[in-house]
Amino acid sequence: MASTDTGPKVAKAGDEAAKTDDIAGLEAGLDALDAVQTTRTPVREVLVKKVLPPLIAVALVIVVWQALVLAEVTEEYKLPAPSTVWDSVSEMWLQGTLLEVVWTSVSRGLLGFLMALAIGTPLGLLVARVKFVRAALGPILSGLQSLPSVAWVPPAVIWLGLEPSMMYAVILLGAVPSIANGLVSGVDQVPPLFLRAGRTLGATGLRGTWHIVLPAALPGYVAGLKQGWAFSWRSLMAAEIIASSPELGLGLGQLLENGRNNADMPGVFLAIILILIVGIAIDLLIFSPLERWVLRSRGLLVKN
């Protein structure tokens, strides 16, 4: 009799122990996920995986460039050697104009982008949250986003003249639709459950927008910001190339146009390279860290 009574008890105790082990394993797994998110990638690994590949790519481009020059695929005045372009860089550096030219364009681009941010953010929220405004302005914003920014330069010159305000107007017309549409896209992707939970907790109106809608829409909003900066930079370059004037100062766009007018191909290549470097630097220093922070805060990025 004793042997028949102990069998079920032992089995039941074994089942409870297995359930306890499963719960403990699940908790350990969740703790492990949290622990992984807080670890940082070693500096050496960052250098090897993120810094070295672009440097190798740049080196390969220079090697191919030099090989094309040595092969004389075209006339030298059409394709200058990398050393010739470097001589132009050295000359501008010695003259003290290199940083001045870069800063003229960068300061304009960043200021114009901040102005577009201040206008595009509330506009995007208004379009995303008010049905009538969305029906009226949504198609217009989409059309403006697809319109090349260079198309705004002639009317901006006629309206505002060859003044810095003309360039800022072109930047705004190019960047505001991208920022607004990015925020609209982010708001559209907010799960309805978040909104209902917010209303249940009393987060309605502006409070719900600030505490529920904007944080949940951050991924799409950040994507809109990146695209807005790209439009700002391209709009500025178009304005500087077309509406060059001594009163506006010498920016990268004017530097590119001056090289074309003087048939100075080293100067043209130098301007193109500087425009590219500024665009990459802004993305790496501002938008990439911001995007990583947003993804990491949502558990979508494990390592830095």
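What follows is calculated from the coordinates using simple rules that are stated; it is not laboratory data. Given the structure is predicted, the values throughout are model-derived calculations rather than measurements. FYI the Cβ positions are ideal-geometry reconstructions off the backbone, even for glycines, and counts take in every protein chain you see.
Each residue of the stretch 279-296 is assigned a 3J(HN,Hα), and the resulting list reads x, 5, 5, 4, 5, 6, 8, 10, 7, 5, x, 5, 5, 5, 5, 5, 5, 5 Hz, derived from the Karplus form 6.51 cos²θ - 1.76 cosθ + 1.60 (θ = phi - 60°), x at Gly and Pro. The share of alpha-carbon pairs in the stretch 80-297 lying farther apart than 21 Å comes to 60%.
Rounded to the nearest 0.05, what FRET efficiency do ILE140 and ASP188 give with R0 = 22 Å and r taken as the Cβ-Cβ distance? Could you check? Don't skip to the end; give the middle numbers.
Numbers: r = 17 Å, r/R0 = 0.79.
E between ILE140 and ASP188, to the nearest 0.05, is 0.80.
Where a ≥ b ≥ c are the square roots of the eigenvalues of the C-alpha gyration tensor, would you call the stretch 237-285 rounded, which needs a/c under 1.5, or, failing that, prolate if a/b is larger than b/c, or oblate?
Details: a/c = 2.84, a/b = 1.41, b/c = 2.02.
Since a/c reaches 1.5 but b/c is at least a/b, the shape of the stretch 237-285 is classed as oblate.
Measuring between alpha carbons in the structure, the pairs from LYS78/LYS226; LYS50/LYS226; LYS49/LYS78 lying more than 31 angstrom apart are LYS78/LYS226; LYS49/LYS78. Each residue of the stretch 226-237 was assigned a 3J(HN,Hα) from its phi angle through the Karplus curve 6.51 cos²θ - 1.76 cosθ + 1.60 (θ = phi - 60°); the sequence is 4, 5, x, 5, 4, 5, 4, 5, 5, 5, 5, 4 Hz, with glycine and proline shown as x. How many nm is it between the label spots at ILE242 and LEU99, if each spot is 7 Å from the Cα in line with the beta carbon? Rounded to a tenth, the inter-label distance reads 3.3 nm.
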